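Encoded as structure tokens, the structure appears first; notes follow it.
The values are calculated or read from the model by the stated rules, or taken from the named source; none is laboratory data. Quick caveat, the model's predicted, so the values are computed rather than measured. Counting neighbours? That spans all protein chains shown, and the Cβs are built from the backbone with ideal geometry, glycine included.
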Amino acid sequence: MLLNLIKRPHWSFGALLIALCLLPGWVLAADMGNCLLCHKYPGLSRIDNDGKMKLMFVNEEIFNKSVHSKVKCEGCHTDITKIPHEPAKPVDCLTVCHIIEPTSEQKFSHKSVKTFIDESVHSKIDQEGKLKKFSEDMPTCKDCHDNPLFRPLAFVKKVRPGIAEDAMGRCRVCHEKEDFIFRFYNHITTRLHKSRSPLNVAEACGKCHDDKALVKRHGLTVMAGSSYAETFHGKAANLLSETIPDCLDCHVVKGKSVHQMYGNDDPRSSTHPENRGAICNSVDCHPKASVKFANYQVHPVFNKDQSPVVYWFTTFFYVLTGGTLLPLMIILFLDLLRRLFPNATFRRRK
Amino acid sequence: MTKYPRIKLINGEKYFFRFDMDLRIQHIFLAGTVVILVLSGMPLKFSDASWAPYLYAIFGGINLAPTVHKITGAIMLLLFGYHLFWIAKVVYKNHYLRMKREGTYTTKGFLLRVVKLPMVPNLKDLKDIIDLMKYLFYFTNVRPNGDEYTWKEKFDYWAPFWGMFIIGASGVIIWKKELFTQIIPGEVINFLLIAHSDEALLAGLFLFIWHWYNVHFSTSVFPMGTVFLTGYLSEELMCEEHYDYYVKVMKEEGYEKEILPPHGGGHAPSCSDYAPKGDDGAASFEKISEAETSEHLAKEGGTAA
Amino acid sequence: MKNFLTKIYILAFMALVTYFGVIIWNLTFAHLIHEYHERHAGNVEYSEEDIAQQEKDKMSFEQVILKSEKRVKNYLGYRVLEQQYIKGHFHHIGFDVGPDKYSYCSSCHGDMPHDNVTKDMRAFLNMHAFFIGCQTCHSRPEGEMTTGVYQWYDRETGEIVSSPVNDASPGTYKAKIIPFVLENDALVRIDSKERIEFVAQYRLNEKDLSEGQRSKAKKLIHSVVSKKPVMCEECHSKENPLLPLENLGYSKRRVDSITSTEVVGMIKNYTKFYMPQMLHPGVADDAVQQEQVQQATPVVPVASESAAPDAKHQAAGEAEE
């Protein structure tokens, strides 16, 4: 067990190099300050006083395929104004960055997320604006998000997803800037499906919702991630289905943002008992299912206290399986042993 | 019935009739569908396992494998339906109609006759199991003399029979869950999923370990028993597993003089050296076995159809 | 013969059946037992000692070190991006920075040895330590030992390899630079087999050594460390850089970049801003020592409780036997 943990694969960047070949060579617009002069080195790291590893390396190739690839470094790291710089302060995701949002022609910011989050079940403050109990457990941006990467689709390329050169060729007829074409293509096609694979979503939620201490402290009834993994949906996600519903498909009201999740007791929530039936029989899922269908337990737990019926039902089958097969295995074993000593016996034959 | 002689002589060796073509084809279909269903279903049940994605990829991954599973399942259910029909046909023709023809038909008599069909578990099986235990724990070295169908074969038959019913029914409901939950609550689907996958695990392990051991890997039949292809069982294996029935058939077919001692002479599985005994030995064996056989027949009141 | 094979077959099959039995147990009753323990563990009220023990366990080597590193996979459709998980890390890493399994320095000092002593430059120094062997900067072979020969060695095996520079993106090499010295007229690696063995033996016997033995061993091990490490501008310089960059496989473009005014200017800036701090590597109280240090050119000691004093008291160029 421990050996497994110690062992780590090395230098798997051969795969990365293959990915790099797909990338047309243009200059990274984001790096105006030539930050990568130093930050392209993967060894740029240290261990801070708490023993936490600080890695200052930015993988240019991967960054270029992220949704933030057009944002300048100092657009987020606003405290860095000169080189050499002091240790960077944590980034405020709500900062107004230097990108112009094209429809409003205003400077872009994630500020609206804060208003959503403050109303949601994940807010640090309650309705009166006071800090909730254990508010420090509530997620901040980076607990759920790393730098989101493009997941381009290509319908013209049936074999596997990715960028379709055919489609890019069509863009190039009218548009000239390679940089723009690449980003526009990626943005649109990424938005056309799940921005993360269901498995990655379940893992992201599971970081907290599978943490025993957190689940207990906040009085949650189930370990959401691991129980989801017991259902067909979870197992299919585990086998990398892209269309299977993940946490967000049920817990976010259709057409709303992930940041607008509410507790089960909130009538605005999609999982409120009143609304629950409508989750399953949405047009995208099980269109003709009745409301009864939503009684299905999507977080079944094999635990006698939490769900006794599931417990006894499963136990019956465990006992049936083990109780049938183990005696048979013993007979098998003895049969083999008997074949080793075919004529031995305690008693002489009559 | 005369289509298949009960004893076939090939190069002077006797082969005993077991299964007709209809049953053999049913078995091939069953075996094929079970293998595909287990292989395309287990990666989902154990989706965490390292082998799961690779095995699943053979059936087209998460986008295709469920369809493969459902179609194969449907074929298996059709087979199950056909088998039920086949049983009904056999019982109707060979028992109901015959009783009518002979004018001995009463409902009670008919039911009794059905219960005594060779495939129905009976007290002889219980006795055989106890005898087998005695043998396996070295209290004796006499193996039980099996009847036409031994308890192992009945297990092999009824376990998948029950399994197919449970797995098939739950599978259909899960497949058409939107339809069925118009009536039943969604929670039932949870239980059906448990039943479906756990019962499948039981059936899969049972067939691939127990059944395959008995018909493939046991030293008696290694590398493979051929009865599922030819329908006929060799005299040697017939003696080893179905001695009571063997004696009965031999007598009925007029080979009374050629009856072999039980289990290859030494009461040992046929892996051991088989050395026919002298006249004396053979005669005494015959006596013993005859006595035992008649005793059994008397006790069980003739279980054969 | 056939009989013998049959017996072997039976024995092997018995082992297989036992294995099946274990699998079946794990698939069935083991779950029940596990659930039972889980349920009861969840219901137990912990005593204060239990809680203290749990807190202790949280700080155990297993928890803090072995279980601290997780890996994540991002499924992007066209590729799977697997990388180390660093909590709260926003940017993607994309490949693994494997440990240097060969360097005997790293075995004590770790792969990111530069720490508080050189606070404002530690990350830079760690970055260099990623592809430059410790001895390259911390050892200055003197007199006749000097050769000016440097080679790349494989981080995993320690073998001398051809230059990885132009096949990879900067600093992502699987190899490190190591200097060669002349010993008894032979050109040898500075991290000779004997030195590696010496350190290995020291680590093996550390517990059983007496105070004197220990200090002696440490001194001998660190005897190759020079008082004055190689400074940035000694390599980042157009004129006669210490490292023979071209021989190490750097292309003209890369050499120009390493010695460009951009880089050199930044080094100057750093020197200007941070040099004063570098002059006080944590020993400011001791006036005499401070004087010594100030007289010498700045020291960039490696981070270790013993490294700094060792460097100061070092007898020069005394190679261990």
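Of everything in the stretch C:147-194 that's basic (Lys, Arg) and within 17 Å of the chain's Cα centre (by Cα), which residue is modelled with the highest pLDDT?
So, considering only residues that are basic (Lys, Arg) and within 17 Å of the chain's Cα centre (by Cα), the one modelled with the highest pLDDT is C:LYS176.
Counting only residues that are in contact (Cβ under 8 Å) with a residue 24 or more places away in the chain and part of a helix (DSSP H, G or I), which one in the stretch A:214-227 is farthest from C:ASN74 (Cα to Cα)?
A:ARG217
Would you point out which residue out of A:ASP143, A:ASP166, A:ASP210, A:ASP126 is in contact with a helix residue (DSSP H, G or I) (Cβ under 8 Å, 6 or more places away or on another chain) and surrounded by fewer than 16 Cβ atoms within 10 Å (Cβ to Cβ)?
A:ASP143
Please work out which residue is nearest to the other protein chains (Cβ to nearest Cβ), limiting yourself to the stretch A:245-271 and to residues that are in contact with a helix residue (DSSP H, G or I) (Cβ under 7 Å, 6 or more places away or on another chain) and not in a loop (DSSP other than H, G, I, E, B).
A:CYS250
How many residues, within the stretch C:3-15, are more than 9 Å from chain A (Cβ to nearest Cβ), within 16 Å of A:MET329 (Cβ to Cβ) and buried (at least 16 other Cβ atoms within 10 Å of the Cβ)?
Count: 0.
With the condition kept exactly as written, say whether any residue in the stretch A:269-288 is closer than 20 Å to B:GLY186 by Cα, of a type in the set (Asp, Glu) and out of contact with any strand residue (DSSP E or B) (no Cβ under 6 Å at 6 or more places or on another chain). Give the derivation first.
Restricting attention to the stretch A:269-288, the residues satisfying the condition of being closer than 20 Å to B:GLY186 by Cα are A:270-288.
Pick out the ones that are also of a type in the set (Asp, Glu) and you get A:274, A:284.
Right, trim to out of contact with any strand residue (DSSP E or B) (no Cβ under 6 Å at 6 or more places or on another chain) and you get A:274, A:284.
Within the stretch A:269-288, one or more residues are closer than 20 Å to B:GLY186 by Cα, of a type in the set (Asp, Glu) and out of contact with any strand residue (DSSP E or B) (no Cβ under 6 Å at 6 or more places or on another chain).
How about the stretch C:55-86: which of its residues are assigned to a loop (DSSP other than H, G, I, E, B) and at the interface with chain A (Cβ under 8 Å from one of its Cβ atoms)?
Within the stretch C:55-86, C:LYS67, C:GLU69, C:LEU76, C:GLY77, C:TYR78, C:ARG79, C:ILE86 meet the criteria.
Mind checking which helices (runs of 4 or more DSSP H) fall wholly inside the stretch B:170-258 and carry at least 3 residues that are within 11 Å of chain A (Cβ to nearest Cβ)?
Per the criteria, B:177-180, B:187-205.
Could you pull out the residue among A:GLU242, A:GLU230, A:GLU274 that is of a type in the set (Asp, Glu) and part of a helix (DSSP H, G or I)?
None of the other options fit; the residue is A:GLU274.
Which of the residues belonging to the stretch B:175-193 are free of Cβ contacts under 8 Å to residues at least 60 places away in the same chain and under 20 Å from B:VAL34 (Cβ atoms)?
Within the stretch B:175-193, B:LEU192, B:LEU193 qualify.
Answer yes or no: is there a residue in the stretch B:148-167 that is surrounded by fewer than 21 Cβ atoms within 10 Å (Cβ to Cβ), acidic (Asp, Glu) and outside any helix (DSSP H, G or I).
The answer is yes, given that some residue of the stretch B:148-167 is surrounded by fewer than 21 Cβ atoms within 10 Å (Cβ to Cβ), acidic (Asp, Glu) and outside any helix (DSSP H, G or I).
For B:ILE62, indicate whether it is assigned to a helix (DSSP H, G or I) and at pLDDT 95 or above.
When the stated conditions are applied, B:ILE62 does not pass them.
Condition test on A:LYS114, is it at pLDDT 85 or above, in contact with a Gly (Cβ under 8 Å, 6 or more places away or on another chain), surrounded by fewer than 16 Cβ atoms within 10 Å (Cβ to Cβ) and on the phi < 0 side of the Ramachandran plot?
Criteria not met by A:LYS114.
If you scan the stretch C:152-174, which residues turn out to be touching a residue at least 40 places away in the same chain (Cβ under 8 Å), outside any loop (DSSP other than H, G, I, E, B) and within 18 Å of C:LEU187 (Cβ to Cβ)?
Answer for the stretch C:152-174, where residues must be touching a residue at least 40 places away in the same chain (Cβ under 8 Å), outside any loop (DSSP other than H, G, I, E, B) and within 18 Å of C:LEU187 (Cβ to Cβ): C:TRP152, C:TYR153.
Taking only the stretch C:172-206 into account, find how many residues are surrounded by fewer than 13 Cβ atoms within 10 Å (Cβ to Cβ) and aliphatic (A, V, I, L, M).
The number of residues fulfilling the criteria is 4.
Being within 14 Å of chain C (Cβ to nearest Cβ), assigned to a loop (DSSP other than H, G, I, E, B) and at pLDDT below 90: is that true of A:GLY129 here?
The answer is no for A:GLY129.
Out of B:LEU39, B:LEU9, B:LEU30, I need the residue that is surrounded by 13 or more Cβ atoms within 10 Å (Cβ to Cβ) and either assigned to a loop (DSSP other than H, G, I, E, B) or free of Cβ contacts under 8 Å to residues at least 24 places away in the same chain (or both). Which one?
Unique residue meeting the criteria: B:LEU39.
Report every pair of residues separated by at least 6 positions or lying on different chains whose Cβ atoms are under 9 Å apart, first residue within the stretch A:239-258 and within 24 Å of B:ALA65 (Cβ to Cβ), second part of a loop (DSSP other than H, G, I, E, B) and basic (Lys, Arg).
A:GLU242/A:LYS194; A:THR243/A:LYS194; A:ASP246/A:LYS194; A:ASP246/A:ARG196; A:ASP249/A:LYS194
Restricting to the stretch B:194-216, name every residue that is touching a helix residue (DSSP H, G or I) at 6+ places or on another chain (Cβ under 9 Å) and free of Cβ contacts under 8 Å to residues at least 24 places away in the same chain.
In the first step, residues of the stretch B:194-216 are kept if they are touching a helix residue (DSSP H, G or I) at 6+ places or on another chain (Cβ under 9 Å); the result is B:194-211, B:213-215.
Of everything in the stretch B:194-216, those that are touching a helix residue (DSSP H, G or I) at 6+ places or on another chain (Cβ under 9 Å) and free of Cβ contacts under 8 Å to residues at least 24 places away in the same chain turn out to be B:ILE194, B:ASP198, B:LEU205, B:ILE209, B:TYR213, B:VAL215.
Is it the case that the stretch C:94-117 has a residue that's farther than 30 Å from C:LYS176 by Cα, within 7 Å of chain A (Cβ to nearest Cβ) and surrounded by 12 or more Cβ atoms within 10 Å (Cβ to Cβ)?
Restricting attention to the stretch C:94-117, the residues satisfying the condition of being farther than 30 Å from C:LYS176 by Cα are none.
No, the conditions are met nowhere in the stretch C:94-117.
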